[in-house]
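Take a look at the structure below.
The values are calculated or read from the model by the stated rules, or taken from the named source; none is laboratory data. These numbers come from a predicted model, not from an experiment. No Cβ is skipped: glycine too gets one built from the backbone with ideal geometry, and neighbour counts run over all protein chains shown. Just so you know, the surface numbers come from the protein's heavy atoms only, side chains and all, with ligands and any DNA or RNA stripped out. Shrake-Rupley method; radii C 1.70, N 1.55, O 1.52, S 1.80 Å.
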There are 2 protein chains.
Amino acid sequence: MAAKGSGARGKRSQRASGSLQPGKELSGEPPLSRQRIVAGAVELLDAQGVDGLTMRRLADRLGSGVMSLYWHVDNKEDVFDLALDSVLEYREPPQMVASQDWRGKVVYLLEDWRASMLRHPWSVSLLPRRALGPNMLSRLELLSKTLSGAGVAAADMNVAIWSLWTYVMGATITRASFDLSDDDRAAAQQRLTRLSEHYATIERSRLLLDDDWDGIFRKGLGFLLDGLSPR
Amino acid sequence: MAAKGSGARGKRSQRASGSLQPGKELSGEPPLSRQRIVAGAVELLDAQGVDGLTMRRLADRLGSGVMSLYWHVDNKEDVFDLALDSVLEYREPPQMVASQDWRGKVVYLLEDWRASMLRHPWSVSLLPRRALGPNMLSRLELLSKTLSGAGVAAADMNVAIWSLWTYVMGATITRASFDLSDDDRAAAQQRLTRLSEHYATIERSRLLLDDDWDGIFRKGLGFLLDGLSPR
DNA sequence: ACCTGAACACCGTTCAAGT
DNA sequence: ACCTGAACACCGTTCAAGT
């Protein structure tokens, strides 16, 4: 029902020549471009969170009128999509030691994925949208390649990829949304204790007090990989 | 930084008596209440999606002024939190066959969880917020209880719970956001083919064409449970 | 205890126009 | 090809007031 963008971007062709118009660069701001818009959006999101991103504020930061943005970008949705994908860009090519076994490689890949998103917590809440940007696809491709080098049966490949993908996504979201302050954590636990006839088990296991997210992520991933390992 | 609600709700006490003021029920709409607000919000969200929920529209639907809502509810965030948690309510107590083994029970629990959310796709995009409502906690409790009855080592309990929780969350989100139409799927695949020097592996495995989400969910969960099984 | 309307300070986007 | 301001149709929420 809701139009979600057709995946066919770039209804205007990007300038192919990198040449600057002489005289332009003297006038303060460089000209608007998709790249600059995305960079500005990420800065704004880092500083103010999801609700802080406003077309008007973004334009201000870039020194342009609001409506100028719309030449380069379809709408606000588009900006969100671009910002999300940009977080997943590899600034440098992933440095996997060639000698690592496939499990080590997968763990490395997925930990980097999670870390990239947690560096920009707003990206996590943008995740539940169709997010098939180029960087997301490259990471899927890389994961895919690693798995098929590992001897995962062809019939299980897609399941393996989706399970791992799913695990990172879920873990990242859980991590970002349950990352309470110590005080909040204590308060939540007290609430459980107060209602302990309903929540006896998780009260006893102190589930909400555990904050070793990195460890939990790694261990859970280990379990999943145990299950996925070719026999 | 952003105030996310402290978990302590109900700064005004809910009416404990169920008695109706005589004469009230003749005037058309029943009086506003937290319950009615949540129910209205869910209806609106089902009909219009996340962006369709507006305090004004919600008030309209309930036959009240906008500002009346704010007596019962802190703000729009609060409405979202309540709506999300209400999706996770058990309308009837979960019917697990007592004879089922623990794996069967866990699968049953998690499939119901996923199905409950997918019945209201907007709920998926509300997930990346701190969502510790009572219904979410009961489901965690139930999962917890099932696992500890299964002989999962106490030291692994929290990891097991979080991994499974994480898996459902991720799977649900993935499912909801990659649920493309056949046309979109074909278009995405074609895009991969066009760029096949970058995405050779996922192009070949036709990852994006696979739409057996229920099967994938179940199989991946199987792998995870294999890893988690007490040895 | 519960409900209200007016007002404030914003939004995203269309449109017609400028260079 | 790129940028702009004015205008439209909305928002969420504060406040002072009503019953």
Check whether at least one residue in the stretch B:169-184 is under 22 Å from residue A:202 (Cα atoms) and in contact (Cβ under 8 Å) with a residue 40 or more places away in the chain, and report yes or no.
yes
Quick check on my filter: what residues within the stretch B:204-231 are modelled with pLDDT under 90 and of a type in the set (Gly, Ala, Ser)?
B:229
Filtering the stretch B:172-205 down to residues that are closer than 25 Å to residue A:149 by Cβ, more than 7 Å from chain A (Cβ to nearest Cβ) and open to solvent by less than 70 Å² (accessible area, probe 1.4 Å) yields B:189, B:192, B:193, B:195, B:196, B:200, B:203
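Among the residues of the stretch B:122-144, how many are part of a helix (DSSP H, G or I) and in contact (Cβ under 8 Å) with a residue 12 or more places away in the chain?
Of the residues in the stretch B:122-144, 14 are part of a helix (DSSP H, G or I) and in contact (Cβ under 8 Å) with a residue 12 or more places away in the chain.
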Got at least one residue in the stretch A:118-125 being in the same structural domain as residue A:220 (by TED's automatic domain parsing) and either under 18 Å from residue B:165 (Cα atoms) or more than 19 Å from the chain's Cα centre (by Cα) (or both)?
yes
Would you call residue A:79 within 26 Å of residue A:132 (Cβ to Cβ), within 14 Å of another protein chain (Cβ to nearest Cβ), out of contact with any Cys (no Cβ under 7 Å at 6 or more places or on another chain) and within 16 Å of DNA strand D (Cβ to nearest atom)?
no
Within the stretch A:115-157, count every residue that is facing chain B (nearest Cβ under 7 Å) and of a type in the set (Gly, Ala, Ser).
5
Among helices (runs of 4 or more DSSP H) lying entirely in the stretch B:28-81, which contain 2 or more residues that are open to solvent by less than 20 Å² (accessible area, probe 1.4 Å), outside the structural domain of residue B:131 (by TED's automatic domain parsing) and small (Gly, Ala, Ser)?
B:34-48
Of the residues A:60, A:85, A:46, A:101, which single one is over 22 Å from residue A:123 (Cβ atoms) and more than 13 Å from DNA strand C (Cβ to nearest atom)?
A:101
